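Novice: My questions all concern the structure below.
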Amino acid sequence: MDTTSGVLIMKTATISTLTLLVAGFAMSGCANDDYPYIDTPQANQISDLLDDDRDGVVNARDICPGTPKGSSVDNDGCGETIRSEDTRQLRILFAHNSYEINPVFGSQIQTMADFLKVYKSASIEIQGYASKVGAPEYNLELSKKRAHTVEDKLLSYEIDPKRVRVVGYGETRLETDGDDPASHAANRKVTATVVGLKEEVVEEWNIFTTLEK
């Protein structure tokens with residue numbers, strides 16, 4: 001063996017020895033590193049981040065739960081609505097000493113019934129009146145009969161009786177105080193005014209909106 005070969009063999013042996021020593025120290029270190037098992041941390045969720053009414057505002061911030069589907073909502077989860085108002089009136093005149101409805105006024109009552117069907121939260125007070133011809137006590141009863149006759153006709157259109165109130169004023173609330181035939185005719189009447197209110201939800205796209213296929 002020449003001198004060069006001997007030197008190479010000695011270097012190789014030295015490197016191999018160092019490698020084994022390093023590996024041994026490494027394995028020894030791994031064997032001594034004994035860490036305790038730690039459970040996976042659980043998040044402590046305080047706020048309710050669900051969105052039960054699916055309006056895009058989480059429950060924790062939603063002060064108007066149950067918003068109708070598709071509503072345009074503000075940052076508090078409250079829907080925007082448009083309020084509309086409509087009015088219908090009845091004015092039915094009667095012959096002297098009569099509570100029979102003249103057929104010419106039939107369309108007024110049907111129109112009022114249709115109006116009440118649209119505005120289901122509205123109620124109606126039917127007010128009966130009489131002229132000052134005759135005894136006040138008789139006129140009071142006559143005014144009530146006139147109001148009840150209109151009520152019966154209105155109920156025939158399937159209006160809930162709980163939504164209808166009847167009152168008779170007799171001759172205590174005259175439209176005109178004259179003694180001529182025209183004044184008496186104007187006071188023989190039944191009147192009613194109904195205000196219907198409607199609220200419509202303003203719709204808007206949100207993250208839960210889907211397209212029908």
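The values are calculated or read from the model by the stated rules, or taken from the named source; none is laboratory data. Just so it is clear, the model here is predicted, and its values are computed rather than measured. Note that we place each Cβ from the backbone using ideal geometry, even for glycine, and neighbour counts take in every protein chain shown. Protein only, heavy atoms only, side chains kept; ligands, DNA and RNA dropped before computing areas. Shrake-Rupley method; radii C 1.70, N 1.55, O 1.52, S 1.80 Å.
Novice: Answer with yes or no whether E141 is in a helix (DSSP H, G or I), farther than 18 Å from A185 by Cα and more than 35 Å from the chain's Cα centre (by Cα).
Specialist: So E141 does not fit the description; no.
Novice: Which residues, counting only those in the range 171-200, are closer than 21 Å to S98 by Cα and either in contact with a strand residue (DSSP E or B) (Cβ under 7 Å, 6 or more places away or on another chain) or surrounded by 19 or more Cβ atoms within 10 Å (Cβ to Cβ) (or both)?
Specialist: E171, A185, N187, R188, K189, V190, T191, A192
Novice: Could you list, in sequence order, the residues of the range 22-52 that are open to solvent by less than 60 Å² (accessible area, probe 1.4 Å), in a loop (DSSP other than H, G, I, E, B) and modelled with pLDDT under 70?
Specialist: none
Novice: Given (1) closer than 23 Å to Y119 by Cα; (2) part of a loop (DSSP other than H, G, I, E, B); (3) of a type in the set (D, E, K, R), identify the lone condition not met by E151.
Specialist: In the conditions (1) closer than 23 Å to Y119 by Cα; (2) part of a loop (DSSP other than H, G, I, E, B); (3) of a type in the set (D, E, K, R), E151 misses (2) alone.
Novice: Does G168 count as of a type outside the set (A, V, I, L, M, F, W, C), modelled with pLDDT under 90 and open to solvent by less than 20 Å² (accessible area, probe 1.4 Å)? Working first, answer last.
Specialist: Details: of a type outside the set (A, V, I, L, M, F, W, C): yes; modelled with pLDDT under 90: no; open to solvent by less than 20 Å² (accessible area, probe 1.4 Å): yes.
For G168, the condition - of a type outside the set (A, V, I, L, M, F, W, C), modelled with pLDDT under 90 and open to solvent by less than 20 Å² (accessible area, probe 1.4 Å) - is not met.
Novice: Name the residue, out of S121, S98, S72, that is within 25 Å of the chain's Cα centre (by Cα), of a type in the set (S, T, N, Q) and open to solvent by less than 40 Å² (accessible area, probe 1.4 Å). Can you show your working first?
Specialist: Details: S121 fails: open to solvent by less than 40 Å² (accessible area, probe 1.4 Å); S98 fails: within 25 Å of the chain's Cα centre (by Cα).
Just one listed residue meets the conditions, S72.
Novice: Mind telling me which of the residues I92, I109, I126 ends up being within 22 Å of P181 (Cβ to Cβ) and either touching a residue at least 40 places away in the same chain (Cβ under 8 Å) or out of contact with any strand residue (DSSP E or B) (no Cβ under 6 Å at 6 or more places or on another chain) (or both)?
Specialist: Only one candidate passes the filter, namely I92.
Novice: Here is a further query. Among the numbered conditions (1) over 18 Å from D86 (Cα atoms); (2) surrounded by 13 or more Cβ atoms within 10 Å (Cβ to Cβ); (3) free of Cβ contacts under 8 Å to residues at least 60 places away in the same chain; (4) of a type outside the set (A, V, I, L, M, F, W, C), tell me where P161 comes up short.
Specialist: (2)
Novice: If I filter the range 102-118 for residues that are at pLDDT below 90 and either open to solvent by 70 Å² or more (accessible area, probe 1.4 Å) or on the phi < 0 side of the Ramachandran plot (or both), do I get at least one hit?
Specialist: The answer is yes, given that some residue of the range 102-118 is at pLDDT below 90 and either open to solvent by 70 Å² or more (accessible area, probe 1.4 Å) or on the phi < 0 side of the Ramachandran plot (or both).
Novice: Does V104 satisfy the condition of being in contact with a His (Cβ under 8 Å, 6 or more places away or on another chain), over 30 Å from L49 (Cβ atoms) and not aromatic (F, W, Y)?
Specialist: no
Novice: Could you check, for the range 144-155, whether at least one of its residues is loosely packed, with under 12 Cβ neighbours inside 10 Å and either under 30 Å from the mean Cα position of the chain (by Cα) or touching a residue at least 12 places away in the same chain (Cβ under 8 Å) (or both)?
Specialist: no
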